[in-house]
Every structure is written in structure tokens, then in C-alpha cells.
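Read-outs: derived from the displayed coordinates by stated rules, not from any lab. All figures in this text were calculated on a predicted structure; none of them were measured in a lab. Cβ: placed from backbone, ideal geometry, glycine included. Neighbour counts: every protein chain shown.
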Amino acid sequence: MTQKVFVLGATGNVGRPLVRQMVENSDCDAARHPNPTQIDGLAASPINGRIYCEDGIRPRVALDFSERRMPGLRYDRLTDLLRPSWKETTYIDVTNAKEEALEFHMRVIKDGHSIVAANKLPLTICTFEEFNKLTNDYRRYRFSCSVMAGAGAIPFLRDCQDLNDPIIKIQGCLSGTLTYIPNQMENGMKFSDIVREARGRYTEPHPADDLDGGDVRRKSLILARTGGLDVRKEDMRVTPFIPQEYLGERDIEKFLPSLKPLDPVFEEQTREMAKQGKVLRYITTITNDPVVGRPQIVAGPEFVDKTSPFGALEGTKNMIIIWTRDHSEGYPVGPVYGAGNERTASNIRRDLLGNISGRKARAEKPPAANG
Ligand SMILES: NC(=O)c1ccc[n+]([C@@H]2O[C@H](COP(=O)([O-])OP(=O)(O)OC[C@H]3O[C@@H](n4cnc5c(N)ncnc54)[C@H](OP(=O)(O)O)[C@@H]3O)[C@@H](O)[C@H]2O)c1
């Protein structure tokens, strides 16, 4: 079966490798793939436009658009990209659009299309009821890549729902950046130097957008909701990695030096806690305690034993452990390396596989791996 796709955000950090991977791995080549992908449309932001073709866009043209070598036609809103007759088309959302993306996702589901999303925003700004409406049909709404770049937490939590296996607790390190920073401090580097070095490589373009814990809050909310937990705003306590007063500066050239006063504080803390065998990690705990009565999310920096599962995480690795009635000893997901554009793109292609009915194995074997 041919899988038709429309990539929203095709010119972004994830969108570009996604289009390139589809072409390089001959996903679109019907002569070589039993379930070929047909790229029906590609879009950037409204001002940079979109292209589409009912018979599929040629790979060379798709690459040119995603690499911004070719302009698109402007459009007004994401919902303008929906075509009622394209029921078979799966929309891929790798934008960072917010309200308009939520409106788009709701329309996609209402109109009978499918979606694969890495964009976390629609699933976190919506209500719990809207979340359930969106994600009710597992095949038509796939969002594994919104948390840990598709490492398997979302499918496991979805399965728990169907198995009537209630979530007791979810705990984890959900930010590669916020594992990398304390790891480097353990290696003797200064906090402000690590942030400078990691900026744009492991962090968001502005590192404050990682250090404020907002991304972890969004991932935690998606995990909780996928596990069937309706966490209210007042039951989410997210403490930033550094004090709030350091997070307001949006001019990056002023922001980076402004972190220097924190260097001796972290240095002292790291040294003292190391004597007790402890290391700093940014930990999320989602609880569904019947005694408390309501599910809660607590996230923030914590000192944990260096030998514990989270303390032992190296580099940019992420990990979560899910405790359920049937997995009372805890079900680990990871450790896996934090997202990254290539890995996210690759796992979006993996998510797309779940949407193919009558999927056939590819006769051609993958090439030998290098190294
Ligand atoms: N990077 C990762 O490792 C990773 C992992 C998991 C999830 N994600 C999520 O994946 C999404 C994309 O990340 P990214 O790093 O690729 O972002 P990005 O580089 O900023 O790219 C965003 C893309 O969306 C388009 N866009 C922006 N605003 C839009 C709007 N209002 N309507 C339609 N399209 C719009 C942009 O078009 P223009 O080129 O015209 O601006 C661009 O193609 C984000 O939601 C991110 O949270 C990323």
C-alpha cells in the first residue's frame, strides 16, 4: 500500500532530515519499497509557503523545497492545507506552531485524516478531554516522537490503558540537556562554560528554554495524559534548573555571561555532594497516589545516588521508569540518547509504519552499517 504524507514544518531542523531520509532510504521509490511513501505536500511557515501535488512531489523537488532552494506558495492558516478528498493522507507535524496547530490537529481527526506529530504544543495546550479526543484512535494519531524521540514510552503507556493496568508512578530524566550539564560539571567544567558550549548543539537556540524546565513540563504532561492521568495546572510543580531571576534575559550575548555567578555555587554543591556519592539530575515524578486523590507532576533538580539508574545516566541520555499494578518493580524505558534532529526524523518514519494497513516486508535488506 502507498502511504501518502504531507509534511508540515518541512524546512525545519527535524523536517529537513526527515525529507532527506525519506529520499535517501528510497521510502518514495515504488520499485524498491513494497509500502512506498508518496509525498503529497510540504509546508514551511505560512509566509514561506507550501507546495503540493496530488500525484506526489518528485524527490528532487521535495529536497529543494525543504532545503529552501525553492519557494512555496503562501497560505493563511494550517487548516487551509487540508483537502477533504485527501482522506488517505497522513499529515506530519514537525512545526512549532501552537494554537493553530491544535486547531489543525482537531480538524484532521474530525475529518478522518491521520497525523504523526513531534510537535508537543497541541497536546499540552489542549484540555484533557481534547487530548483524549485527539489520541483516541491509535492508528490515526501517533505522537511517540513528542517524548524521548520515540523511545517507546508512549506505546507502553497506551498499552497499559487497554490492559486495564493502572499507572502508579512515572519517574525519569526527560531532558538530554539537563543530564548533559550536571554530567559535565562532574567532569570539572564550569556551569556557564558548559551552557555556552552546548548552546544550539544540545540546547534550544536560547538555553533558557531548556533551563526553565518548560520542555520537561510539556513532556511530563503528555506522559501523564497518555497514562490516563488528568493533571491539573495547580498540581504541576516545575522548578527551573537555575533560579528564575537568571532566566529572563532574551539577548543571548548578555544571557551567557550573566550565568557566571552560578559557577562557584554549582562547583561547591557538586564537590560536596560527590563526597556523599551523589550527583545532580533533573528529575520528573508523576504520581497517581489514591491517598492524595489527584495525580501530580513534580519536576526539578535533585541529588541522587551516583549508582542509581538516573544517577548513572551519562552524556545526554534520558530514561524513565513506569510503575504500574502489573509492573510493580518498574518498567524501564531507556537509557537512550536525548532526541536530536536525525533520530527524531528517523523515529517519525518509524511511527509512520504503524499507519500502513497490510504492511509488507521489504525484500531489499538494509546496507551494511558503517563502523
Ligand atoms: N529537534 C528535536 O530533537 C525534537 C525532538 C522532539 C520533538 N521536536 C519538536 O519538533 C518540532 C520541530 O522542531 P525543529 O527543531 O525542527 O523546529 P524549527 O527548526 O524551528 O522548524 C520549525 C518548522 O515549522 C515551520 N513553522 C514555524 N511556524 C509555523 C506555523 N505557524 N505554521 C506552520 N509551520 C510553521 C517552520 O517554517 P519556516 O522555515 O518557514 O520558519 C519550520 O519548517 C518542534 O515542535 C519540536 O518541539 C524536536
The chain, relative contact order [Cα under 8 Å, separation at least 6], %:
19
Calculate how large, on average over all directions, the projected area of the Cα convex hull of segment 111-229 is; give the answer in nm² to one decimal.
8.6
For segment 301-371 and segment 164-235, distance of Cα centres in Å:
16
Helix 262-275 versus the longest principal axis of the chain: what angle, 0 to 90°, nearest 10, using Cα atoms?
70
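Let me check I have the definition right: for segment 328-368, take the eigenvalues of the Cα gyration tensor, multiply each by 5, take square roots. What are those semi-axes in whole Å, largest first? List each step's numbers first, then the result.
Working: eigenvalues 130, 56, 32 Å².
The answer is 25, 17, 13 Å, longest axis first.
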Which shape class, rounded, prolate or oblate, goes with segment 271-337 when its Cα gyration tensor gives a ≥ b ≥ c as root eigenvalues, a/c under 1.5 marks rounded, and past that a/b bigger than b/c marks prolate?
prolate
As I understand it, the value is the acute angle between the Cα axis of helix 99-110 and the longest principal axis of the Cα atoms of the chain; what does it come to in degrees, rounded to 10?
50
Potential lengthening between Thr2 and Arg77 on full extension [0.36 nm per residue; Cα-Cα distance subtracted]:
24.2 nm
Can you work out the base-10 log of I(q)/I(0) for segment 81-124 at q = 0.22, 0.30, 0.32, 0.34 1/Å, using the Debye formula on its C-alpha atoms alone?
-0.67, -1.14, -1.25, -1.33
Do any GluC sites (Glu not before Pro) in segment 262-371 lie in a loop, going by DSSP, with at most 16 other beta-carbon atoms within 10 Å of their beta carbon, and if so which?
Glu314, Glu329, Glu364
Based only on Cα atoms, what Rg/Rh ratio does segment 1-155 have, Rh being taken as Kirkwood's radius?
0.94
Summing +1 for each Lys or Arg and -1 for each Asp or Glu, what net charge is found among the other residues whose Cβ lies under 9 Å from the Cβ of Asp215?
0
Among beta bridges that DSSP assigns inside the chain, antiparallel share in %, nearest 5:
60
Compute the angle between helix 214-226 and the longest alpha-carbon principal axis of the chain, please, reported from 0 to 90 degrees and rounded to the nearest 10.
70
From the square roots a ≥ b ≥ c of the eigenvalues of the alpha-carbon gyration tensor of segment 150-285, which class results: rounded (a/c under 1.5), prolate (a/b over b/c), or oblate?
prolate
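Could you compute the FRET efficiency for Asn164 and Ala361, with r as their C-beta to C-beta distance and R0 at 35 Å, rounded to 0.05?
Values: r = 33 Å, r/R0 = 0.93.
It comes to 0.60.
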With just the Cα atoms of segment 230-343, tell me how far they stretch along each of the three principal axes, in Å, largest first.
49, 36, 34
Given the Cα-Cα distance of Arg325 and Thr307 and 0.36 nm per residue of separation, how much length would full extension add, in nm?
3.9 nm
Can you compute the modelled spin-label distance between Arg232 and Asp289, with each label point 7 Å from Cα toward Cβ, in nm?
1.7
Based on the alpha carbons, how large is the Rg to Rh ratio for segment 293-371 when Rh follows Kirkwood?
1.08
Aspartates and glutamates with Cα under 18 Å of Lys317, excluding same-chain neighbours fewer than 8 positions away:
Glu186, Glu197, Glu204, Asp210, Asp215, Glu302, Asp305, Glu342
Between Gln269 and Arg350, what length comes free when the chain is fully extended (0.36 nm per residue of separation minus the Cα-Cα distance, one decimal in nm)?
25.0 nm
Could you tell me the ratio Rg/Rh of the chain? Both radii from Cα atoms, Rh via Kirkwood.
0.98
